[in-house]
């Protein structure tokens, strides 16, 4: 015989896990749907069944055949990696300078950068465009690298918050051993801020990877485009006719980033809370 | 004692570097003299035109002129280029002025130490001194240069545009000149019937959107976090990993996928609703449903990060607190209200406000899902789901109403700056701290 209390517990556990399962389904469903759609024959958005009757990789092949997809991949990786390295380095340096040194104008610099960050970036789009035009950088990848890493220093606050918590004694010990500012930076600050650096790198990489607004404005020819622009155009111009192709594109674009995010999730959360007040 | 410092300062007022040469810092002096020559040459060459350009925004529009025997389109002044070029020259002038003052100070200082019989640094020593004692300025110079070129300069330009009549179709260089009109664009936005109507409508939805988007993702995440961390849950880490997925998928891909899922004709959601006998709404083309849809999608996309953050906090709350509460006979709800909720809010309120500020400007969600649609006939170039930032984008990229776009940008700035300054003042990172 099962006692009433035990029965109550079983029912409770069951409904608890049922709820977890429902949330999980809602959470996963869009991704699952796209993955399945990408293997479905035909081109239509509509399909009678969730599971394709027959799996095909035709759409993946088509991406590479009809679009310069491999080229887009390389372009995107190149732009995203260079932007990531530059902006991470810039913001770390800025954070190091304001966290560890006292110099004239430091406070106004901090407030100034902070205030600049409040302007919506699209507001200056036209001016950036004119600047790039004047510098002859339109349709060049370097333009995007400049734009993406250009604003990096404005995110200094997070880095400063993190560096402020690194005890000064560590650095003093190194200085007594004759280390200069650079050695202190690379041997003490960088190794101690791994979660922060992962956070900064992944977010700046994803920022460059995800951007289709500036990229679309700057990159004119199909060969120069990035994945985000390509995918956006694919769905905005011909979506009902080539949906499955778009789905295949989504899978290829999202897969690497998704894996990176899943892998680094712990660091990302730590990074996000690093600058916050913990009392 | 020779009056070194006076002579040196006067000499470096005459020309940069002369004082340094007088102080027997030859390499530095010559380099600065060169800089002086180049800078002066550049400024003399450009300053007059730059000032003229910024003040008048050009005087001669593009027009037909009789060249020889035929009329030809002769290019006139391009107001926009005049502003940008003028700004670059003015910024150059400011930098030059700054270096000039630094040069006089330096000549004075070195002259003073010469009087006291201290040998001045040679060039190598100067470089060493800079890299040791001016290290912070040295390392931020490159990042700041980038900020300057790709943020400050464009922003100053955009703010200036808000005070001009730069807009399509009547004031569009190179065909036409543009003019300074002071605060007219601001006034028009607030008072001209259709513009004001749009502005207040969009602003209202923007605020509602930001509040609901923040609250729904935060409490959605909170709920899921409690569910996952509950003692009943088996295999906690598996659930957590599953729920992180929307956070990990690149956001623009998610939004584009969602746009197709909510397609009312062919999308799977309405298809499934049909199976159970419900005629699904037109998710993205009905004004009210479109708002609901963007909020729902945003909830799907945003709850995982709140969940992760809150799980992080939950694990740090001491178990003893709960045990003590149990001894006092607290119910589950009381434990939540008195222990869990305050702890989470205490740690996360700055982040919550940051999230709110981010939602005010969450461009991709709106742009990729609805692009501001469905259209609203009472609005000026905006749809029912447009928020300020997407309206700004539309005005800039599709309508050419650059001055109004700039005004809206300034308003967004004022909203965000107020919010963020208030927020950040409370955090540790910004308070003037002593070195620990």
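If you go through the range A:45-95, how many residues are at pLDDT 90 or above and within 8 Å of chain B (Cβ to nearest Cβ)?
Residues in the range A:45-95 being at pLDDT 90 or above and within 8 Å of chain B (Cβ to nearest Cβ): 4 in total.
Among the numbered conditions (1) buried (at least 20 other Cβ atoms within 10 Å of the Cβ); (2) over 21 Å from residue A:265 (Cα atoms); (3) in contact (Cβ under 8 Å) with a residue 40 or more places away in the chain, tell me where residue B:267 comes up short.
Only one criterion in (1) buried (at least 20 other Cβ atoms within 10 Å of the Cβ); (2) over 21 Å from residue A:265 (Cα atoms); (3) in contact (Cβ under 8 Å) with a residue 40 or more places away in the chain is unmet by residue B:267, namely (3).
So for the range A:49-60 (the condition being within 18 Å of residue B:263 (Cβ to Cβ) and either part of a helix (DSSP H, G or I) or touching a helix residue (DSSP H, G or I) at 6+ places or on another chain (Cβ under 9 Å) (or both)), does at least one residue qualify?
To start, the set of residues in the range A:49-60 that are within 18 Å of residue B:263 (Cβ to Cβ) comprises A:49-50.
Those left that are additionally either part of a helix (DSSP H, G or I) or touching a helix residue (DSSP H, G or I) at 6+ places or on another chain (Cβ under 9 Å) (or both): A:50.
The answer is yes, given that some residue of the range A:49-60 is within 18 Å of residue B:263 (Cβ to Cβ) and either part of a helix (DSSP H, G or I) or touching a helix residue (DSSP H, G or I) at 6+ places or on another chain (Cβ under 9 Å) (or both).
From (1) at pLDDT below 90; (2) more than 7 Å from chain B (Cβ to nearest Cβ); (3) surrounded by 18 or more Cβ atoms within 10 Å (Cβ to Cβ), pick out the condition that doesn't hold for residue A:104.
(3)
Counting only residues that are surrounded by fewer than 18 Cβ atoms within 10 Å (Cβ to Cβ) and either on the phi > 0 side of the Ramachandran plot or out of contact with any helix residue (DSSP H, G or I) (no Cβ under 9 Å at 6 or more places or on another chain) (or both), give me the helices (runs of 4 or more DSSP H) lying completely in the range B:74-163 with at least 3 of them.
Because the criterion is at least 3 residues that are surrounded by fewer than 18 Cβ atoms within 10 Å (Cβ to Cβ) and either on the phi > 0 side of the Ramachandran plot or out of contact with any helix residue (DSSP H, G or I) (no Cβ under 9 Å at 6 or more places or on another chain) (or both), the helices (runs of 4 or more DSSP H) in the range B:74-163 that meet it are B:79-115, B:123-133.
Based on what the data block shows, is residue A:189 away from every other protein chain (no Cβ under 11 Å) and touching a helix residue (DSSP H, G or I) at 6+ places or on another chain (Cβ under 8 Å)? Talk me through it step by step, then tell me what you get.
Details: away from every other protein chain (no Cβ under 11 Å): yes; touching a helix residue (DSSP H, G or I) at 6+ places or on another chain (Cβ under 8 Å): yes.
Spelling it out, residue A:189 is indeed away from every other protein chain (no Cβ under 11 Å) and touching a helix residue (DSSP H, G or I) at 6+ places or on another chain (Cβ under 8 Å).
What tally of residues in the range A:1-44 results from selecting those that are under 24 Å from residue B:303 (Cβ atoms) and either facing another protein chain (nearest Cβ under 7 Å) or free of Cβ contacts under 8 Å to residues at least 24 places away in the same chain (or both)?
Residues meeting the conditions: 24.
Of everything in the range A:167-180 that's in a loop (DSSP other than H, G, I, E, B) and facing chain B (nearest Cβ under 9 Å), which residue is farthest from residue A:204 (Cα to Cα)?
As a first pass, look at the range A:167-180 and keep what is in a loop (DSSP other than H, G, I, E, B): A:167, A:177-180.
Add one more test, that the residue is facing chain B (nearest Cβ under 9 Å), and what stays is A:167, A:180.
Details: A:167: 27, A:180: 29 Å.
Among those residues, the one meeting the criterion is A:180.
Sort out which residues of the range B:218-235 are facing another protein chain (nearest Cβ under 10 Å) and part of a helix (DSSP H, G or I), and write them in order of number.
Answer for the range B:218-235, where residues must be facing another protein chain (nearest Cβ under 10 Å) and part of a helix (DSSP H, G or I): B:220, B:223, B:224, B:227, B:228.
Please go through the range A:115-150 and give me each residue that is more than 7 Å from chain B (Cβ to nearest Cβ) and either crowded, with 24+ Cβ neighbours inside 10 Å or closer than 27 Å to residue B:411 by Cα (or both), ordered by number.
A:117, A:121, A:129, A:132, A:143, A:144, A:148
Taking residue A:98, is it within 11 Å of chain B (Cβ to nearest Cβ) and buried (at least 18 other Cβ atoms within 10 Å of the Cβ)?
So residue A:98 passes the test.
One residue is enough: does the range B:27-47 have a residue meeting the conditions within 35 Å of the chain's Cα centre (by Cα), surrounded by fewer than 18 Cβ atoms within 10 Å (Cβ to Cβ) and assigned to a loop (DSSP other than H, G, I, E, B)?
No, there is no match, as no residue in the range B:27-47 is within 35 Å of the chain's Cα centre (by Cα), surrounded by fewer than 18 Cβ atoms within 10 Å (Cβ to Cβ) and assigned to a loop (DSSP other than H, G, I, E, B).
Taking interchain pairs and intrachain pairs at least six residues apart, which have beta carbon atoms under 6 angstrom, with the first residue in the range B:131-154 and facing chain A (nearest Cβ under 7 Å) and over 28 Å from residue B:85 (Cα atoms) and the second in a helix (DSSP H, G or I) and at pLDDT below 90?
Filtered contacts from the range B:131-154: B:135/A:181.
For the structure I just gave you, tell me whether residue B:296 is buried (at least 18 other Cβ atoms within 10 Å of the Cβ) and either modelled with pLDDT under 90 or within 14 Å of another protein chain (Cβ to nearest Cβ) (or both).
Values: buried (at least 18 other Cβ atoms within 10 Å of the Cβ): no; either modelled with pLDDT under 90 or within 14 Å of another protein chain (Cβ to nearest Cβ) (or both): yes.
So residue B:296 fails the test.
Would a scan of the range A:4-25 turn up a residue that is at pLDDT 90 or above and within 20 Å of residue A:232 (Cα to Cα)?
The answer is no; no qualifying residue exists.
Which ones in the range B:255-264 are without any contact (Cβ under 8 Å) to a residue 60 or more places away in the chain and within 7 Å of chain A (Cβ to nearest Cβ)?
B:257, B:260, B:261, B:263
Which one is farthest from residue A:67 (Cα to Cα), of the residues in the range A:179-199 that are surrounded by 22 or more Cβ atoms within 10 Å (Cβ to Cβ) and modelled with pLDDT under 90?
So, considering only residues that are surrounded by 22 or more Cβ atoms within 10 Å (Cβ to Cβ) and modelled with pLDDT under 90, the one farthest from residue A:67 (Cα to Cα) is A:193.
For residue B:376, state whether it is within 12 Å of another protein chain (Cβ to nearest Cβ), within 29 Å of residue B:286 (Cα to Cα), modelled with pLDDT of 85 or more and touching a strand residue (DSSP E or B) at 6+ places or on another chain (Cβ under 8 Å).
Judged against the criteria, residue B:376 is not a match.
Got at least one residue in the range B:384-391 being at pLDDT 90 or above, more than 10 Å from every other protein chain (Cβ to nearest Cβ), surrounded by 21 or more Cβ atoms within 10 Å (Cβ to Cβ) and in a helix (DSSP H, G or I)?
Yes, because at least one residue in the range B:384-391 is at pLDDT 90 or above, more than 10 Å from every other protein chain (Cβ to nearest Cβ), surrounded by 21 or more Cβ atoms within 10 Å (Cβ to Cβ) and in a helix (DSSP H, G or I).
In the range B:403-423, is there at least one residue being buried (at least 22 other Cβ atoms within 10 Å of the Cβ), within 21 Å of the chain's Cα centre (by Cα) and part of a loop (DSSP other than H, G, I, E, B)?
No, the conditions are met nowhere in the range B:403-423.
For every residue, the table says whether it meets (1) in contact with a helix residue (DSSP H, G or I) (Cβ under 6 Å, 6 or more places away or on another chain); (2) in contact (Cβ under 8 Å) with a residue 40 or more places away in the chain; (3) part of a loop (DSSP other than H, G, I, E, B); (4) closer than 24 Å to residue A:26 by Cα.
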| residue | (1), (2), (3), (4) |
| --- | --- |
| B:274 | no, no, no, yes |
| B:281 | yes, no, yes, yes |
| B:304 | yes, yes, no, yes |
| B:307 | yes, yes, no, yes |
| B:316 | no, no, yes, no |
| B:349 | no, no, no, no |
| B:365 | yes, yes, no, yes |
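Is one or more of the residues making up the range B:325-335 buried (at least 19 other Cβ atoms within 10 Å of the Cβ) and part of a helix (DSSP H, G or I)?
no
The values are calculated or read from the model by the stated rules, or taken from the named source; none is laboratory data. Fair warning: this is a prediction, and the values are worked out from it, not measured in the lab. Note: ideal-geometry Cβ built from the backbone for every residue, glycine included; neighbour counts use all protein chains shown.
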